[in-house]
Amino acid sequence: MEPAPDNSVFDLVIRDGTVVLPYGPVMTDIGIQGECIVALGPGLPTGRRDFSAAGRIILPGGVDSHCHMDQQPWEGRTTADDFRSGTLSALCGGTTTVIPFAVQMRGQSLRAVVDDYYDRARQKAHIDYGFHLIIGDPSQQVLKDEIPGLVAEGCTSFKIYLTYEGLKLDDYEILNVLDVARSEGAMVMVHAENDAFIPWLTERFLAARKTQLRYHVTAQPDISDREATHRAISLAELVETPLLIGHVAAAGAVEEIRRGRARGLPVYAETCPQYLFLAAEDVDTPDLSGAMCVCTPPPRHRSNQPEIWRGIFDGTLEVFSSDHSPWNYADKIACGPDTPFTRIANGIPGIETRLPLLFSAGVNMDRISLQKFAELTAANPARLFGLYPRKGAIMLGSDPDLVIWDPDREVTISNAMLHHATDHTPYEGRAVRGWPIETISRGDVLWNDGEVTSNAGRGWFLACERPFAPQSGLPRVLAS
């Protein structure tokens, strides 16, 4: 970057790049003043700092609306990444905003959990962040006293689970959460797997001494995803509130979402890299190395992947998140070389590789356009979680969260080059073309072609707007 006289109009000008605007890519310059994009157009005056992006692509900073970091211990174990390492890894992969989860378990105050999460993030985060509220105990105190205040403070999205001990809600509890979301204008994300299928199958596999990794996938069949997705959509339809289906893995779930949308229901959905680039075959290894690919829902058979791509192409799947949930390999196989599939910690790292994987296989293989890439990875999650157009877009008045890409850079992914705190990546050895070489957050250059120039604690908490207008009236079924 070249310095200019102090009387420059702009603090920073990025010029001569292909800029991906909401309506498509154009060759233009970007003028930044303070923490705001104030000019878009060719031939802008020289700024106090000036940067040529000739031959590069400038995309809005990624918004990762599904990631886990610095969570309270789960089953005695904690994720490898805290806010410091997790957000560092994110920015080095082209993400400038994250919305991780504050997890409430049974018996806990949701307010106390969120206060603790503020404390965890405040001194550590490199980039801006919001909070999802995982509701594991929808008591009357939580529903009536805590959630309205938290929504008013900018925590405007909830996540609920249809499975997992300590987190799963029954249908009655889900209806109560959906009802509060409707009245508050909040978004509800759901982890949709059938809770009865999984233990029923697991008990029978264990009784037959079938404990190998492959049974992690078999005990969580795609029919479980399909049924739970259909049920979650039906519950939201009754209450008449929008719903986001998280980490869609199975073709049958995509079809249920497509059917709901065809009926005019406000159903949204996301998928993740592991469902495009990993498969059940990667889990089924003779040793325990396949544990590096264990997550839930599990990766499906490779023949399932074209249907996930089709969901992206036709807009059924509108968000591409990482579901970054990093565990060290030693924690995954803590029971030794004979660790049964039931004891493998679920979750994989992926916050830094999310964007390069999709850019390489999507944009550079002509599956999706640059504009579609920006929508999936930035604009759509920002819209759904009340951050647009401050985040997720290159527009006048938006935050200058920008990522400059070398579309032709060839990189072979290795864990040694990544910035998360876990000891492996499931994408080890995978070659990609296209890499984020510069990350700018609120006008600050944080990542410059291999050099980190960020400081922990510079990230701000984002008070998200309500994604939807609050509904004060009764659903039709109650009003009739």
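The values are calculated or read from the model by the stated rules, or taken from the named source; none is laboratory data. Please read all numbers here as calculations on a predicted model, not as lab measurements. Neighbour counts run over all protein chains shown; Cβ positions are idealised from the backbone, glycine included. Ligands, DNA and RNA are excluded from the accessible area calculation, which covers all protein heavy atoms including side chains. Shrake-Rupley method; radii C 1.70, N 1.55, O 1.52, S 1.80 Å.
More than 30 Å from Arg209 (Cα to Cα), open to solvent by less than 20 Å² (accessible area, probe 1.4 Å), out of contact with any Gly (no Cβ under 8 Å at 6 or more places or on another chain) and not in a loop (DSSP other than H, G, I, E, B): which single residue out of Gly350, Gly362 fits that description?
Working: Gly350 fails: not in a loop (DSSP other than H, G, I, E, B).
The unique qualifying residue is Gly362.
One line per residue, one yes/no per condition, for (1) among the hydrophobic types (A, V, I, L, M, F, W, C); (2) out of contact with any Phe, Trp or Tyr (no Cβ under 7 Å at 6 or more places or on another chain); (3) open to solvent by less than 20 Å² (accessible area, probe 1.4 Å); (4) not in a loop (DSSP other than H, G, I, E, B):
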residue: Thr229; (1), (2), (3), (4): no, yes, yes, yes
residue: Leu238; (1), (2), (3), (4): yes, yes, no, yes
residue: Leu244; (1), (2), (3), (4): yes, no, yes, yes
residue: Val254; (1), (2), (3), (4): yes, yes, yes, yes
residue: Leu265; (1), (2), (3), (4): yes, yes, no, no
residue: Ala269; (1), (2), (3), (4): yes, yes, yes, yes
residue: Thr285; (1), (2), (3), (4): no, yes, no, no
residue: Gly290; (1), (2), (3), (4): no, yes, yes, yes
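Could you go through the range 104-111 and let me know if any residue there is small (Gly, Ala, Ser) and without any contact (Cβ under 8 Å) to a residue 40 or more places away in the chain.
Kept after step one, since they are small (Gly, Ala, Ser), are these residues of the range 104-111: 107, 109.
Restricting the remaining residues to those that are without any contact (Cβ under 8 Å) to a residue 40 or more places away in the chain gives 107, 109.
Within the range 104-111, one or more residues are small (Gly, Ala, Ser) and without any contact (Cβ under 8 Å) to a residue 40 or more places away in the chain.
Scan the range 418-437 for residues that are part of a strand (DSSP E or B) and crowded, with 22+ Cβ neighbours inside 10 Å and jot them down.
Those that are part of a strand (DSSP E or B) and crowded, with 22+ Cβ neighbours inside 10 Å: Gly434, Pro436.
Identify all residues within the range 105-132 that are crowded, with 24+ Cβ neighbours inside 10 Å and touching an Asp or Glu at 6+ places or on another chain (Cβ under 6 Å); write none if there are none.
Leu110 - this is the single residue of the range 105-132 that is crowded, with 24+ Cβ neighbours inside 10 Å and touching an Asp or Glu at 6+ places or on another chain (Cβ under 6 Å).
Please specify each residue of the range 185-204 satisfying the condition of being in contact (Cβ under 8 Å) with a residue 40 or more places away in the chain and either more than 21 Å from the chain's Cα centre (by Cα) or within 30 Å of Ser472 (Cβ to Cβ) (or both). Before the answer, list the steps.
To start, the set of residues in the range 185-204 that are in contact (Cβ under 8 Å) with a residue 40 or more places away in the chain comprises 185-193, 202.
Result: Gly185, Ala186, Met187, Val188, Met189, Val190, His191, Ala192, Thr202.
Taking the range 321-345 only, how many residues are open to solvent by less than 60 Å² (accessible area, probe 1.4 Å) and part of a loop (DSSP other than H, G, I, E, B)?
Qualifying residue count, the range 321-345: 13.
I'd like the full set of residues that are aliphatic (A, V, I, L, M), at pLDDT 95 or above, farther than 21 Å from Leu384 by Cα and open to solvent by less than 60 Å² (accessible area, probe 1.4 Å), limited to the range 154-206.
Taking the range 154-206 and keeping what is aliphatic (A, V, I, L, M), we get 160, 162, 167, 169, 174-175, 177-178, 180-181, 186-190, 192, 196, 198, 201, 206.
Next, from what is left, pick out any that are at pLDDT 95 or above: 160, 162, 169, 174-175, 177-178, 180-181, 186-190, 192, 196, 198, 201, 206.
Remaining after also requiring farther than 21 Å from Leu384 by Cα: 162, 169, 196, 198, 201, 206.
Within the range 154-206, Leu162, Leu169, Ile198, Leu201 qualify.
Looking at the range 298-311, is at least one residue within 14 Å of the chain's Cα centre (by Cα), buried (at least 24 other Cβ atoms within 10 Å of the Cβ) and modelled with pLDDT of 95 or more? Step through it out loud before you land on a result.
Here is the first cut: in the range 298-311, the ones within 14 Å of the chain's Cα centre (by Cα) are none.
Among the residues of the range 298-311, not one is within 14 Å of the chain's Cα centre (by Cα), buried (at least 24 other Cβ atoms within 10 Å of the Cβ) and modelled with pLDDT of 95 or more, which makes the answer no.
Specify which of the listed residues (Asp119, Asp145) is within 22 Å of the chain's Cα centre (by Cα), without any contact (Cβ under 8 Å) to a residue 24 or more places away in the chain and over 30 Å from Asp222 (Cβ atoms).
Values: Asp145 fails: within 22 Å of the chain's Cα centre (by Cα).
Exactly one residue qualifies, and that residue is Asp119.
Do we have any residue at all in the range 439-453 that's loosely packed, with under 14 Cβ neighbours inside 10 Å and of a type in the set (Gly, Ala, Ser)?
Going through the range 439-453, the residues loosely packed, with under 14 Cβ neighbours inside 10 Å turn out to be 449-451, 453.
Restricting the remaining residues to those that are of a type in the set (Gly, Ala, Ser) gives 450.
Looking through the range 439-453, at least one residue is loosely packed, with under 14 Cβ neighbours inside 10 Å and of a type in the set (Gly, Ala, Ser).
Which one of these is on the phi > 0 side of the Ramachandran plot, open to solvent by less than 60 Å² (accessible area, probe 1.4 Å), of a type in the set (Gly, Ala, Ser) and at pLDDT 95 or above: Gly61, Gly94? Working first, answer last.
Values: Gly61 fails: on the phi > 0 side of the Ramachandran plot.
None of the other options fit; the residue is Gly94.
Any residue in the range 446-466 that's at negative phi: show its pairings with residues that are open to solvent by 50 Å² or more (accessible area, probe 1.4 Å) and among the hydroxyl-bearing types (Ser, Thr, Tyr) at Cβ separation under 8 Å, as long as the two are six or more apart or on different chains.
Note: pairs meeting the criteria are Leu446/Thr453; Trp447/Thr453.
Considering only the range 366-387, state which residues are in a loop (DSSP other than H, G, I, E, B), in contact with a strand residue (DSSP E or B) (Cβ under 9 Å, 6 or more places away or on another chain) and surrounded by fewer than 22 Cβ atoms within 10 Å (Cβ to Cβ).
Ser369
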